[in-house]
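Enquirer: Questions regarding the structure given below will be posed in turn.
What follows draws every value from the coordinates through simple rules; no lab data is involved. All values derive from a computational prediction rather than experimental measurement. Virtual Cβ from ideal backbone geometry, glycine too; neighbours counted across all protein chains shown.
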Number of protein chains: 4
Amino acid sequence: MADDANTRTTRGTLTKARMEAFSDGVLAIAITLLVLDLAARPPGSPLEQFLRDWTAYLAYLVAFLTIGAAWIAHNSLSDDLEHVDRIFLRLNLLFLLSVSFLPFPTRLIGDALDKSASSQRVAVTVFGVTVLATRLLLAAMTAYAERERLRRAGAPDLDLQDAQDKMRVAVAVYLGAIALGLLLPFVAIVLYFAVAIFLVVPFRAVGQAIVRKPAASGSER
Amino acid sequence: MADDANTRTTRGTLTKARMEAFSDGVLAIAITLLVLDLAARPPGSPLEQFLRDWTAYLAYLVAFLTIGAAWIAHNSLSDDLEHVDRIFLRLNLLFLLSVSFLPFPTRLIGDALDKSASSQRVAVTVFGVTVLATRLLLAAMTAYAERERLRRAGAPDLDLQDAQDKMRVAVAVYLGAIALGLLLPFVAIVLYFAVAIFLVVPFRAVGQAIVRKPAASGSER
Amino acid sequence: MADDANTRTTRGTLTKARMEAFSDGVLAIAITLLVLDLAARPPGSPLEQFLRDWTAYLAYLVAFLTIGAAWIAHNSLSDDLEHVDRIFLRLNLLFLLSVSFLPFPTRLIGDALDKSASSQRVAVTVFGVTVLATRLLLAAMTAYAERERLRRAGAPDLDLQDAQDKMRVAVAVYLGAIALGLLLPFVAIVLYFAVAIFLVVPFRAVGQAIVRKPAASGSER
Amino acid sequence: MADDANTRTTRGTLTKARMEAFSDGVLAIAITLLVLDLAARPPGSPLEQFLRDWTAYLAYLVAFLTIGAAWIAHNSLSDDLEHVDRIFLRLNLLFLLSVSFLPFPTRLIGDALDKSASSQRVAVTVFGVTVLATRLLLAAMTAYAERERLRRAGAPDLDLQDAQDKMRVAVAVYLGAIALGLLLPFVAIVLYFAVAIFLVVPFRAVGQAIVRKPAASGSER
């Protein structure tokens, strides 16, 4: 190979910075585009229209929190990397594909509101498969970084460890919810909401922040 | 804990940089998406259509300035932080949720233009609750940063101090406008406009810039 | 003032970096959102529909190049700044308002294609006033930076000097085109196109690049 | 010239950083906006509607991968640059124009699904010309950087070399597909998909990653 290890590392680091910038962009856009599909849908009085749309708001919230959790995990994984390589960049692209696809099933759920149960089933299933793919691609990126020793020495970032600890539960519930959604679409949405909350909230850190006196701060990030 | 304080700070700083990048992305997108909901609405001559839409333009302007003020306050708060922690990241996510939701009530106001008073009431109330939530989440982030000593030593950034000084007035007017909007929706929009101007304009700095001779520049940022 | 000059400069520099990030975001989104309003409009064969839409493509191209020119001028102005102050941040916000509003008149022009001459007049006039406002706000930011000595010592960036040199001509043609557009909307669009090309193309640098032998490169940026 | 070589380089480097930020923004937005044009289109049962839309999904995937490949090549070219000059900035703007235009033909393909063959021909041809333009502008930027010696000393980045190696094949297939698309639009879409895969996948690196034992990692980025 023509370029030596030193140049390689510099370049890998530069590329990592741009991969983060591009990923932050895609994640920020996907999370913000979700709002475009909220709408007051006739019939009914304005207040009824607004309130009757609660599944659309719930789907919006679930998608927002799911992308937010993906951003936190991505940020935390990337923080831990020394550099990235060419294959990691492509895995990242697939991860971004799954995230930026999510507004589509979210919109389908909103549209399926007053349609047939079969519309709801299709919408909820596509939603479930998409969030499952997002989580699996994060796991694949983490595993690849481990295998190729892209990570820095030292203990993993707490959010990364959290994401890894919660992975099995999240995937199991996702699989269950996808199956359940074929019968009871609304129950599946509630389960996706529960997983999003489970992924976003750092339970131990919140517990410590509540118990601890303000003066003792700084002992946990 | 496995990682020492030094690594922790480095990571917290890295994370802060990406939190800023992600937040800048979401705020920039939310503020720019607002334009998608402007439209010339029949009936009437083209000029009449364009001019008759003034509440939609006003709502656009209010939303633009409100997000702009939120960006300035966020930027100024974040400038003052040494690092961020895991809970701060989640508070930031909730703040971004409230900001990126704002285009929806803004669109509702534009759509309610030639509809019933009840449409306008719903639209204006949702708008008011959203801008109130944005402001309260900024206050929560500031208070949390204070409590957990995430801030740098030294006096706060002037824009941050300004935001804190103006907070009580803004929240009070927001609460009043939400109540008033149930009776007089257009008056509420005008009040939201007034608060946005109040939050964006740094009165003292403007006053000094006008009074001061150009040569004396540099004494106030 | 509580914070000394040193802290102030550090903060002004940090804020400048985030102002650039936020502005890049808004400009990038505004320039990319333009594509959402392109559409094949019946009636006619598919090819006829595609080709008949040429004013919409022209408006798209003019808006794209106008925002591109604004980005180049903004980048070049910001490069030359030592730091930014609070009032500059607000001027920048107004500049972003004018840029992010531009997709609306661009859409109006596309929609006015097969409508009355009066629709076209309204659309073209709003477009002209918006691009004029963008240019004037850039001039205001440059003048304010000069007055408050925010600029670095040394000669201005070549693109900034170029933008200043071309300002009078651009504003004069904009004013003429706004007046002319009330009679001949299509002529006005062509003039806006000419100004966009005039602003984007660095004639001297292009001339030198063509004349110069490749080996002599590096003498002009 | 008033400013010396040193200032020039610093400015060229600053400008390069903002060119990357702006380009990342446009590319991230273009790749994420694609999702807005996915839709379930009547008639048929919900599942039929969802599945029947496969050409729209394929076009989405092709456009996503094509923009992803363009981002990887752009990132890799930019990594290799010492600084950028004024003409390079404008070439970059044209490149961004071609990328941000791509969502329009992608939407045309989705819309042409159940329309006449002639709609499909127009949509596929515009798509092909756009992706060809993107690739040619990347080649022009690479050639210009070479001619003006904007590149760093040393061997090119592997992804850049890859992009250059694959350029001729990609352009040849694009030209063939544009011609073929006039007769067989669906075959052309499949060819664009094949080129996107060909451009995105780093075959040698993947081969080495598969063959190599995990422990031997680090010998190839």
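Enquirer: Going 7 Å from Cα along the Cα-Cβ axis for the label, what nanometre distances separate residue A:194 from the same residue across the other copies?
Expert: Distances between equivalent label points, in nm: 4.8, 4.9, 6.9.
Enquirer: Can you give the helix-only mean residue ellipticity at 222 nm for chain C, where every DSSP H stretch with n ≥ 4 adds -39500 (n - 2.57) and the sum goes over all residues, rounded to the nearest 500 deg cm²/dmol?
Expert: -26000 deg cm²/dmol
Enquirer: Okay, next question. How far is residue A:57 from itself in the other copies, in nm, if each label sits 7 Å out from Cα along the Cα-Cβ line, shortest first?
Expert: Taking the point 7 Å beyond Cα along Cα→Cβ, the inter-copy spacings are 3.2, 3.2, 4.5 nm.
Enquirer: Rounded to the nearest 20 Debye, what is the dipole magnitude of the range A:5-216 about its Cα centre when Lys and Arg each give +1 and Asp and Glu each give -1 at the C-beta?
Expert: So the magnitude is around 380 debye.
Enquirer: Long-range amide H contacts for residue B:81: which residues qualify at under 5 Å (H placed 1.01 Å from N, peptide plane, sequence gap of 5 or more or a different chain)?
Expert: The list, which skips near neighbours in sequence, is B:152.
Enquirer: Tell me the distances, shortest first, between residue C:172 and the same position across the other copies, using label points 7 Å along Cα→Cβ, in nm to one decimal.
Expert: Relative to the other copies, residue C:172 has label-point distances of 5.4, 5.4, 7.7 nm.
Enquirer: Please arrange A:115, C:166 by how many other C-beta atoms lie within 10 Å of their C-beta, fewest to most.
Expert: Sorted ascending by nearby Cβ count, the order is A:115, C:166.
Enquirer: Please report, in cubic angstrom per residue, the volume enclosed by the convex hull of the alpha-carbon atoms of the protein assembly as shown. Don't skip to the answer; put the middle values down first.
Expert: Numbers: hull volume 153.0 nm³, N = 884.
Considering the Cα atoms of the protein assembly as shown, their hull volume per residue is 173 Å³.
Enquirer: With no solvent and one point on each alpha carbon, what is the Debye value of log10 I(q)/I(0) for the range C:13-201 at q = 0.11 Å⁻¹?
Expert: -0.50
Enquirer: If you don't mind, there's one more thing I want to ask. Quick check on the exposure proxy: order C:190, B:131 from fewest to most C-beta atoms within 10 angstrom.
Expert: C:190, B:131
Enquirer: For the range C:18-98, evaluate the Debye formula with one uniform point scatterer on each Cα (no solvent term) and list log10 I(q)/I(0) at q = 0.11, 0.14, 0.26 Å⁻¹, rounded to two decimals.
Expert: Reported log10 I(q)/I(0), two decimals: -0.42, -0.58, -1.24.
Enquirer: Also, quick follow-up: Among all helices in chain C defined by DSSP H, which have a length of 20 Å or more along the axis from Cα atoms plus a Kyte-Doolittle mean of at least -0.5?
Expert: Helix filter hits for chain C: C:5-33, C:54-79, C:86-101, C:117-147, C:158-181, C:185-200.
Enquirer: Residues in the range C:42-68, backbone N under 19 Å from the label point at residue C:114 (7 Å along the Cα-to-beta-carbon vector): list them, ranges by number please.
Expert: Counting backbone N atoms under 19 Å from the label point, the list is C:42-60.
Enquirer: Sticking with this structure for a sec: Provide the net charge surrounding residue B:56, with neighbours chosen by a C-beta distance below 15 Å and charges set as Lys +1, Arg +1, Asp -1, Glu -1.
Expert: 0
Enquirer: Normalised by the number of residues in chain B, what is the relative contact order in percent for Cα pairs under 8 Å and 6+ residues apart?
Expert: So the answer I get is 24 percent.
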